[in-house]
Amino acid sequence: MAIITIKDLQKTYNSSQVPVHALNGVDLTIDEGEFTAIVGPSGSGKTTLLNIIGGLDDPNDGQVIINDTEINHLSRAEKIDFRLHHIGFIFQAYNLIPVLTARENIEFILELHGIPKSKRRLRSNELLEAVGIPEKADIRPRQLSGGQQQRIAVARALASSPRFILADEPTANLDSASADNLLTIMEELNKKEKTTFIFSTHDARVVKKARRVVTLEDGKIKSDSKK
Amino acid sequence: MLLKIAWRNIWRSPVRSWIIIAALTAGMFAGIFSSTFMNGWMKQRLRDGVETETGHLQIFRNNYQNSRKLSLLLPPGEITKVSAHPMVQSATERIIVQGMAASAETARGIRILGVEPEMEKNVLNLHEKVREGSWFDSPYSKEAVIGEKLARQLKIDVRSRIILRFQDLDGTLTGGAFRVAGIFRTSNTAFDGTHVLVRRSDLAELTSIPSGKSHAIVVKLQNAEDAMHVAPQFEETLEDADAVPWKELSPELGYITELSNTYMYIFVVIILMALAFGIVNTMLMAVLERTREIGMLMSVGMARSRIFIMIVLETVMLCTTGGLLGIGAGLFTVWRLSSTGIDLSIWATGLTEMGFDPIVYPEWDAVLVLNIAGMVILSGILASLYPAWKALKLNPSEAVRVI
Ligand SMILES: Nc1ncnc2c1ncn2[C@@H]1O[C@H](COP(=O)(O)OP(=O)(O)O)[C@@H](O)[C@H]1O
Ligand SMILES: [Mg+2]
């Protein structure tokens, strides 16, 4: 069943002298439970696509429908609330709140949901376990390695069990072992928690782990293959 | 958790935060210190004024106060009625005349108070301010007790003779020679330069004021604060009498407290306004540095209102820390100094001239301190609004984009 339907998405940036057509008519449907990689060279429009799906940015034309909701028609406040309840975000870097410990970063999202303390603790324990670093619970991001930080970011994104997770080049700053490790964890969580994952990458080894690969080039879908 | 985040955020740039905290501490310390200092000083002046000069209230014949006519006398026996009032602790009668005091050298315009020396002691404490000689010793000679400043001006000493000239009840010029029994010094030099006290009976005789009559009854109440509402009661029970509470007897004393409070608030507001610019600047920097982080927070679903509150909390906590440290340091200093006092004798000549004691005992006032604390928090909130609003305007997609 489709949870994201994208129709003829257009995005042009006018901030520089020459308008940049970052997306030129993207049509895409994402089904529940997918583990999909968006690949393409730098500048092909991956970040733009993910940001528009998550409502961080608005398209010039076209639609993004998530479970009957057209996200770009929501107000700014509604978008934030929508993200809180339905979407998990993972960025390339700077994912975590530096003044909070690993555990507090996870529980912060749960607190935004108004989940009581005891339940927050149960869920954060479960997720710290799932990403394999329960011993780092009380450590702040600065003292974690890049790979560990991204694992906490994955745990945080999953905390409130969103419908899907958007990850923009989550492994770009990681060495290959950590990248591999992170992908394995994401894959397990995709199966265990039945959370849909959409991640962009231009790393061939990461691409191999995906069950569906959508290739972007110059803001258009060039190929779309499922394993 | 918002509180936790805000508090920890403050310590991300400890040096920057400490600078703001130190500035606030210094500012609030100055505010508290100067205000308690002023407060103590003014209260002291007030007490002195009431206890040695005016009493809690004075009763005159109608119109006496503005005309000062010798003939406007209170009838005999009024003092018994006044003393009978339950709130009155003690009272004494006075005859008051304007005149001249002359020594062999020179002369000065003065006010002569004809007092009952023993009664006077129960109402005012001027007798305790006698530095040389004594407070009327021999009832067999005409004696005067004069201020130190006047003694200096007339170049006379204890036991010297002083000539007092004034008009009697019929307007005829009269006078007499008095022996200086004592010389007093209050904290109000102006008072000391213009007052001569003699026995009421001596003055009554010279002015031919019938015995028992007086110009003023000086009253000491159980409680100074009652003066305002006891006064009208006397006006009702006594015929043709004005009862004037201390605040009106010496209006400048009444203004003094208000003035010192106003001064303090202006002072604190100026300090806080100056600091507010520093705070706004610091918080803008903090927001700017965290553009990406704030974008991330919006991306993961933190509502704008919470982000706004976070920045406000951060600012308020920063200000409160500095404010509390400053208020604490100020109160501690005040507490240490409240018994020893601060000796201003180096500048004291000028100060006593204005009626101030050279040693000041700072006194703090809870309402004042609470108001200052409130003002610190309020300025924290005001200073945070612009930076917090700036944070809200961030566009999450721009903020999180890796360049
Ligand atoms: N804010 C922006 N203003 C102008 N051009 C932009 C902006 N963001 C992205 N672009 C341009 O849009 C195109 C797509 O960018 P992006 O979505 O970041 O690609 P990718 O993530 O695949 O590297 C690029 O040519 C980029 O330079
Ligand atoms: Mg990108």
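The values are calculated or read from the model by the stated rules, or taken from the named source; none is laboratory data. A quick note: this is a predicted structure, and the numbers were derived from the prediction, not measured. Note that we place each Cβ from the backbone using ideal geometry, even for glycine, and neighbour counts take in every protein chain shown.
Out of everything in segment A:186-202 that is closer than 21 Å to A:Leu50 by Cα and more than 16 Å from ligand 2 (Cβ to nearest atom), what residue ends up being surrounded by the fewest Cβ atoms within 10 Å (Cβ to Cβ)? Step through it out loud before you land on a result.
In the first step, residues of segment A:186-202 are kept if they are closer than 21 Å to A:Leu50 by Cα; the result is A:186-187, A:189-190, A:194-202.
So of that shortlist, the ones also more than 16 Å from ligand 2 (Cβ to nearest atom) come out as A:186-187, A:189-190, A:194-197.
Working: A:Met186: 27, A:Glu187: 15, A:Leu189: 21, A:Asn190: 18, A:Lys194: 11, A:Thr195: 22, A:Thr196: 21, A:Phe197: 27.
Only one residue tops the list, namely A:Lys194.
Sort out which residues of segment B:280-309 are within 7 Å of another protein chain (Cβ to nearest Cβ) and not hydroxyl-bearing (Ser, Thr, Tyr), and write them in order of number. Reasoning before the result, please.
First pass over segment B:280-309, keeping only residues within 7 Å of another protein chain (Cβ to nearest Cβ): B:292-293, B:296, B:298-304.
If the condition is that a residue be within 7 Å of another protein chain (Cβ to nearest Cβ) and not hydroxyl-bearing (Ser, Thr, Tyr), then B:Arg292, B:Glu293, B:Met296, B:Met298, B:Val300, B:Gly301, B:Met302, B:Ala303, B:Arg304 are the ones that fit.
Looking only at segment A:3-55, count how many residues are assigned to a strand (DSSP E or B) and on the phi > 0 side of the Ramachandran plot. Give the steps one after another, and end with the answer.
To start, the set of residues in segment A:3-55 that are assigned to a strand (DSSP E or B) comprises A:3-13, A:20-31, A:35-39.
Then drop every residue that is not on the phi > 0 side of the Ramachandran plot, which leaves A:8, A:25.
Matching residues across segment A:3-55 total 2.
Among what's in segment A:108-140 and is within 26 Å of B:Pro14 (Cα to Cα) and over 18 Å from the mean Cα position of the chain (by Cα), pick the residue that is nearest to the other protein chains (Cβ to nearest Cβ). Quick ask: steps written out before the conclusion?
First, the residues of segment A:108-140 that are within 26 Å of B:Pro14 (Cα to Cα): A:108, A:136-140.
So of that shortlist, the ones also over 18 Å from the mean Cα position of the chain (by Cα) come out as A:136-140.
Values: A:Lys136: 18, A:Ala137: 15, A:Asp138: 14, A:Ile139: 14, A:Arg140: 9 Å.
Among residues in segment A:108-140 that are within 26 Å of B:Pro14 (Cα to Cα) and over 18 Å from the mean Cα position of the chain (by Cα), the one nearest to the other protein chains (Cβ to nearest Cβ) is A:Arg140.
Could you list, in sequence order, the residues of segment A:165-201 that are within 14 Å of chain B (Cβ to nearest Cβ) and touching a strand residue (DSSP E or B) at 6+ places or on another chain (Cβ under 7 Å)?
Hits for segment A:165-201 are A:Ile165, A:Leu166, A:Ala167, A:Asp168, A:Glu169, A:Pro170, A:Thr171, A:Ser200, A:Thr201.
Check B:Arg179, B:Arg152, B:Arg131 and return the single one that is outside any strand (DSSP E or B), over 27 Å from B:Ser71 (Cβ atoms) and not hydroxyl-bearing (Ser, Thr, Tyr).
Working: B:Arg179 fails: outside any strand (DSSP E or B); B:Arg131 fails: outside any strand (DSSP E or B).
So the residue among B:Arg179, B:Arg152, B:Arg131 that is outside any strand (DSSP E or B), over 27 Å from B:Ser71 (Cβ atoms) and not hydroxyl-bearing (Ser, Thr, Tyr) is B:Arg152.
Any idea which residue in segment A:86-107 is nearest to the other protein chains (Cβ to nearest Cβ), counting only those that are aliphatic (A, V, I, L, M) and free of Cβ contacts under 8 Å to residues at least 60 places away in the same chain?
Start the filter on segment A:86-107 by keeping residues that are aliphatic (A, V, I, L, M), which leaves A:87, A:90, A:93, A:96-97, A:99-100, A:102, A:106.
Among the residues that remain, those that are also free of Cβ contacts under 8 Å to residues at least 60 places away in the same chain are: A:97, A:99-100, A:102, A:106.
Numbers: A:Ile97: 7, A:Val99: 4, A:Leu100: 7, A:Ala102: 14, A:Ile106: 11 Å.
Of everything passing the filter in segment A:86-107, A:Val99 is nearest to the other protein chains (Cβ to nearest Cβ).
Of all residues in segment A:56-80, count the ones that are part of a strand (DSSP E or B), surrounded by fewer than 19 Cβ atoms within 10 Å (Cβ to Cβ) and within 16 Å of ligand 1 (Cβ to nearest atom). So that I can check it myself, show each step before the final result.
Taking segment A:56-80 as the starting set, the residues that turn out to be part of a strand (DSSP E or B) are A:61-66, A:69-70.
Applying the additional criterion that residues be surrounded by fewer than 19 Cβ atoms within 10 Å (Cβ to Cβ) yields A:61-63, A:65, A:69-70.
This time we only want the ones that are within 16 Å of ligand 1 (Cβ to nearest atom), so: A:61-62.
So the count comes out to 2.
Which of the residues belonging to segment B:162-187 are within 29 Å of B:Leu46 (Cβ to Cβ) and out of contact with any Ser or Thr (no Cβ under 7 Å at 6 or more places or on another chain)?
B:Ile183, B:Phe184, B:Arg185
In segment A:47-69, how many are among the hydrophobic types (A, V, I, L, M, F, W, C) and touching a His at 6+ places or on another chain (Cβ under 9 Å)?
Of segment A:47-69, the ones among the hydrophobic types (A, V, I, L, M, F, W, C) are A:49-50, A:52-53, A:56, A:64-66.
Next, from what is left, pick out any that are touching a His at 6+ places or on another chain (Cβ under 9 Å): A:66.
Total meeting the criteria: 1.
Kindly provide the set of residues from segment B:298-346 that are crowded, with 16+ Cβ neighbours inside 10 Å and acidic (Asp, Glu), ordered by number.
Result: B:Glu314, single match.
Which condition number does A:Arg83 fail, the rest of (1) at the interface with chain B (Cβ under 9 Å from one of its Cβ atoms); (2) within 20 Å of the chain's Cα centre (by Cα); (3) surrounded by fewer than 22 Cβ atoms within 10 Å (Cβ to Cβ) being met?
It is condition (3) that A:Arg83 fails.
Could you say whether any residue in segment B:14-32 is hydrophobic (A, V, I, L, M, F, W, C) and either touching a Phe, Trp or Tyr at 6+ places or on another chain (Cβ under 6 Å) or under 24 Å from B:Ser211 (Cα atoms) (or both)? If you could, list the steps in order and put the result at the bottom.
Going residue by residue through segment B:14-32, those that are hydrophobic (A, V, I, L, M, F, W, C) are B:15, B:18-24, B:26, B:28-30, B:32.
Next, from what is left, pick out any that are either touching a Phe, Trp or Tyr at 6+ places or on another chain (Cβ under 6 Å) or under 24 Å from B:Ser211 (Cα atoms) (or both): none.
Within segment B:14-32, none of the residues are hydrophobic (A, V, I, L, M, F, W, C) and either touching a Phe, Trp or Tyr at 6+ places or on another chain (Cβ under 6 Å) or under 24 Å from B:Ser211 (Cα atoms) (or both).
Give, as residue ranges, the helices (runs of 4 or more DSSP H) completely inside segment B:1-115 that count at least 1 residues that are within 14 Å of chain A (Cβ to nearest Cβ) and crowded, with 22+ Cβ neighbours inside 10 Å.
The helices (runs of 4 or more DSSP H) meeting that bar are B:2-10.
Residue-by-condition table, conditions (1) buried (at least 23 other Cβ atoms within 10 Å of the Cβ); (2) hydrophobic (A, V, I, L, M, F, W, C):
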{"residue": "A:Glu135", "(1), (2)": "no, no"}
{"residue": "A:Leu144", "(1), (2)": "no, yes"}
{"residue": "A:Ala153", "(1), (2)": "yes, yes"}
{"residue": "A:Ala157", "(1), (2)": "yes, yes"}
{"residue": "A:Pro162", "(1), (2)": "no, no"}
{"residue": "A:Leu166", "(1), (2)": "yes, yes"}
{"residue": "A:Thr171", "(1), (2)": "yes, no"}
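Scan segment A:32-41 and give yes if some residue there is within 12 Å of another protein chain (Cβ to nearest Cβ), near ligand 1 (Cβ under 8 Å from one of its atoms), more than 15 Å from the chain's Cα centre (by Cα) and buried (at least 20 other Cβ atoms within 10 Å of the Cβ), otherwise no.
Of all residues in segment A:32-41, those within 12 Å of another protein chain (Cβ to nearest Cβ) come to none.
Within segment A:32-41, not a single residue is within 12 Å of another protein chain (Cβ to nearest Cβ), near ligand 1 (Cβ under 8 Å from one of its atoms), more than 15 Å from the chain's Cα centre (by Cα) and buried (at least 20 other Cβ atoms within 10 Å of the Cβ).
Of all residues in segment A:53-76, how many are away from every other protein chain (no Cβ under 14 Å), touching a helix residue (DSSP H, G or I) at 6+ places or on another chain (Cβ under 8 Å) and within 15 Å of A:Gly219 (Cα to Cα)?
Adding up the residues that qualify gives 0.
Among the listed residues A:Leu23, A:Leu50, A:Leu9, identify the single one that is within 16 Å of ligand 1 (Cβ to nearest atom), surrounded by 15 or more Cβ atoms within 10 Å (Cβ to Cβ) and within 11 Å of another protein chain (Cβ to nearest Cβ). Even if it seems obvious, please write down each step before you answer.
Values: A:Leu23 fails: within 11 Å of another protein chain (Cβ to nearest Cβ); A:Leu9 fails: within 11 Å of another protein chain (Cβ to nearest Cβ).
Checking each option against the conditions leaves just A:Leu50.
With the structure loaded, tell me whether A:Ala159 is more than 14 Å from chain B (Cβ to nearest Cβ), closer than 13 Å to A:Arg103 by Cβ and away from ligand 2 (no atom under 16 Å from the Cβ) or whether it fails that test.
Values: more than 14 Å from chain B (Cβ to nearest Cβ): no; closer than 13 Å to A:Arg103 by Cβ: yes; away from ligand 2 (no atom under 16 Å from the Cβ): yes.
Spelling it out, it is not the case that A:Ala159 is more than 14 Å from chain B (Cβ to nearest Cβ), closer than 13 Å to A:Arg103 by Cβ and away from ligand 2 (no atom under 16 Å from the Cβ).
Here's the yes/no breakdown for (1) at pLDDT 90 or above; (2) over 30 Å from B:Tyr140 (Cα atoms):
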residue: B:Val198; (1), (2): yes, no
residue: B:Ala216; (1), (2): yes, no
residue: B:Glu225; (1), (2): no, yes
residue: B:Ala231; (1), (2): yes, yes
residue: B:Glu235; (1), (2): yes, yes
residue: B:Ala241; (1), (2): yes, yes
residue: B:Asn261; (1), (2): no, yes
residue: B:Ile266; (1), (2): no, yes
